[in-house]
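The values are calculated or read from the model by the stated rules, or taken from the named source; none is laboratory data. Since we're looking at a predicted model, the values are computed, not measured. So basically every Cβ, Gly included, is an ideal-geometry build from the backbone, and we count neighbours across all protein chains shown. For accessibility, only protein heavy atoms count, side chains too; no ligands or nucleic acids. Shrake-Rupley method; radii C 1.70, N 1.55, O 1.52, S 1.80 Å.
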Amino acid sequence: MCGIVGYVGEQPALDVVLSGLRRLEYRGYDSAGVAVQTPEGGLAVAKKAGKLANLEKMLAEQPLPEGTVGIGHTRWATHGGPTDANAHPHVGGAGKVAVVHNGIIENFARLRVDLAERGHLLTSETDTEVVAHLLAEATDAQLAAGSGTLDLAEAMRGVCRKLDGAFTLVATHADAPGVVVAARRNSPLVVGRGEGENFLASDVAAFIEHTREAIELGQDQVVELTREGVTVTDFHGNPGEYREYHVDWDASAAEKGGYDYFMLKEIAEQPKAVADTLLGRIDANGSLTLDELRIDHSVLREIDKVVIVACGTAFHAGLIAKYAIEHWTRIPCEVEVASEFRYRDPILDQQTLVIAISQSGETMDTLMALRHAREQGAKVLAICNTNGSTIPRESDAVLYTHAGPEVAVASTKAFLTQLVACYLVALYLGQVRGTKWGDEIFEVIRQLADAPKQVEQVLTTMEPVRELARSLADAKSVLFLGRHVGYPVALEGALKLKELAYMHAEGFAAGELKHGPIALIEEGLPVVVVVPSPRGRSVLHDKIVSNIQEIRARGARTLVIAEEGDDAVVPYADHLVRIPQTPTLLQPLVATVPLQVFACELATAKGHEVDQPRNLAKSVTVE
Ligand code: M6R
């Protein structure tokens, strides 16, 4: 939540900062703002409620002075509504210091009262503004002490020691020319290293067009950026440890590439994302090689319970993983939304494997759940798409998905790759523990290797789904039904429709319908049904065919997703969407795709902003 950019170099800072903010707008789009050091030795600030485009329009009409040092922010509001006054940067010291912030400063109310008592006038409702005033106090004190030079990093360290909560802060000061400082605690921040220029951002996407050399910072660190270099310390001024890495994708991966929306591009990228996530994980003998997991085989053999924690779409991937893990390994597996996990005092010990699934690697609910699990002695394996992010760094092991950057708020390719990663982990556990024979594992791997081609095939047959979606733009509600792994797919279809089309949509286990929700069925209500393969567990298939008849008898308009050759569903489908034949457990890889296309098209038909749905942000870094 909130996108942050900082720049020190030779280029016009405003251009660099605004282009960085454009790439980070997926993180929040309630307001945007910038501050630049001016050639005259001052700070120029501009900020505006609404999308970045509003700020850009304002800057076109009232340009800021040119400068080569700047910071910027795109906001997802927490404290205070999305107004001009609450937009970042916030300033202190009569406009000499400017600060942008991501996160929540939990003790801001007390700090605010103290500042007011010391004569500071705070003009916004945000928690951030206190930092600007505290920094101004600290830098004024340095100057008053007669040192002559201003040490903004030292001032930031002092301020951070007073703050509770989670934060990334980036600041610049008129009396510290050529310097930007930043601090992080439990909130994302990466450094980009260039030639004669350096960058700070919430995400490497902000500076990827300038450099692919990045630094992953640790917790509770302050970083000082100048043209010449980067200095990292902890909050007490001791040298800080960090990891340098090369970003393995380029600027084109974070652009729309001719598509109208990132979501459309990301849906289309799914065959490649799935293939990339499988790549290099199978050796010449057909065995899985997940050495990167870094958890000893002896530990994996002792595991007696798996617990999966995740949020939103990643949670749905976890629900599907449960079926695979229990079926292939016979280890009991629980799945829980991360935001609930630690508050119920879950039973965990050294024999529990906790799997934390997250595209961004920064979701605070998931991060807190994994920290709780580790405190209880459990081993934590992260399944994550973002190199250098906090969740993999704080886990015992990580399996990266290789979806490439996912920019649209609605998760698509990340979901499919999370599924692939979950299947790989389940098979690997089966391999290490000997619950599956090598040839059985090889057979599933062979089937997984077909998935990219099958997803591609689904994508080429989506025009009728788009047409159907457009025809339903005025529907009040859509229900989704599934059984077995089709049930989480139904939940995912409903989530996509809610977040993109702002419609009432609900997913149900098809068998549960008769226990209450069937009362919702009325004449013409669209109901999407994900039908399991008749070739796998035919009992599942037969039951859902009965469920379709039950809802149809009550007036539902049935939109049936069924595999090729499944003729039993034909008489009961008002609309039939065909997907390739797959083994039951792998069906979500193909069955989810029409639901993504359906939601995207329906939202477009309603005139919604597909990539930036209202009230949402891509990376949810507050609890
Ligand atoms: O980055 P994460 O995978 O941890 O994010 C979890 C959820 O916030 C995310 O999947 C969200 O539900 C998506 N917007 C759904 O499309």
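Things worth noting here:
- Hits in region 112-128 - residues which are open to solvent by less than 50 Å² (accessible area, probe 1.4 Å), more than 21 Å from Val181 (Cα to Cα) and touching a residue at least 24 places away in the same chain (Cβ under 8 Å): His120, Ser124
- Of all residue pairs spaced 6 or more apart or on separate chains, those with beta-carbon atoms under 6 Å, a first member in region 409-420 that is over 16 Å from Thr386 (Cβ atoms) and a second member that is within 11 Å of the ligand (Cβ to nearest atom) and open to solvent by 10 Å² or more (accessible area, probe 1.4 Å) are Ala410/Glu499.
- Only listed residue being more than 19 Å from Pro82 (Cβ to Cβ), small (Gly, Ala, Ser) and under 31 Å from the mean Cα position of the chain (by Cα), chosen from Ala171, Ala145: Ala171
- Selection within region 206-233 - of a type in the set (Asp, Glu) and more than 22 Å from Arg22 (Cβ to Cβ): Glu216, Asp220, Glu224, Glu228
- Total residues in region 1-13, condition modelled with pLDDT of 95 or more, within 27 Å of the chain's Cα centre (by Cα) and not in a strand (DSSP E or B): 0
- Verdict on Ile383 being open to solvent by less than 10 Å² (accessible area, probe 1.4 Å), under 21 Å from Ile303 (Cα atoms) and within 16 Å of the ligand (Cβ to nearest atom): yes
- Residues satisfying the stated conditions in region 36-64, i.e. in a helix (DSSP H, G or I), farther than 16 Å from Pro12 by Cα and within 34 Å of the chain's Cα centre (by Cα): Leu52, Ala53, Asn54, Leu55, Lys57, Met58
- Residue match in region 357-375 (condition: away from the ligand (no atom under 12 Å from the Cβ), surrounded by 18 or more Cβ atoms within 10 Å (Cβ to Cβ), over 14 Å from the mean Cα position of the chain (by Cα) and part of a loop (DSSP other than H, G, I, E, B)): no
- Some residue of region 294-314 being crowded, with 21+ Cβ neighbours inside 10 Å, more than 24 Å from Met364 (Cα to Cα), within 16 Å of the ligand (Cβ to nearest atom) and aliphatic (A, V, I, L, M): no
- Tally, over region 259-293, of residues that are of a type outside the set (A, V, I, L, M, F, W, C) and open to solvent by less than 60 Å² (accessible area, probe 1.4 Å): 13
- Scanning region 214-241 for residues that are charged (D, E, K, R) and surrounded by 16 or more Cβ atoms within 10 Å (Cβ to Cβ) yields Glu216, Asp220, Glu224, Arg227, Asp234.
- The combined condition, being within 30 Å of Phe598 (Cα to Cα), surrounded by 21 or more Cβ atoms within 10 Å (Cβ to Cβ) and within 16 Å of the ligand (Cβ to nearest atom), is not fulfilled by Thr390.
- Verdict on Thr149 being open to solvent by 30 Å² or more (accessible area, probe 1.4 Å) and outside any strand (DSSP E or B): yes
- Matching entry among Val539, Val560 (being hydrophobic (A, V, I, L, M, F, W, C) and open to solvent by 50 Å² or more (accessible area, probe 1.4 Å)): Val539
- Test: residue in region 508-529 that is of a type outside the set (Lys, Arg), under 24 Å from Leu424 (Cβ atoms) and open to solvent by 10 Å² or more (accessible area, probe 1.4 Å): no
- Flag if Leu163 is out of contact with any helix residue (DSSP H, G or I) (no Cβ under 7 Å at 6 or more places or on another chain) and modelled with pLDDT under 95: no
- Some residue of region 5-16 being among the hydrophobic types (A, V, I, L, M, F, W, C), free of Cβ contacts under 8 Å to residues at least 40 places away in the same chain and buried (at least 20 other Cβ atoms within 10 Å of the Cβ): no
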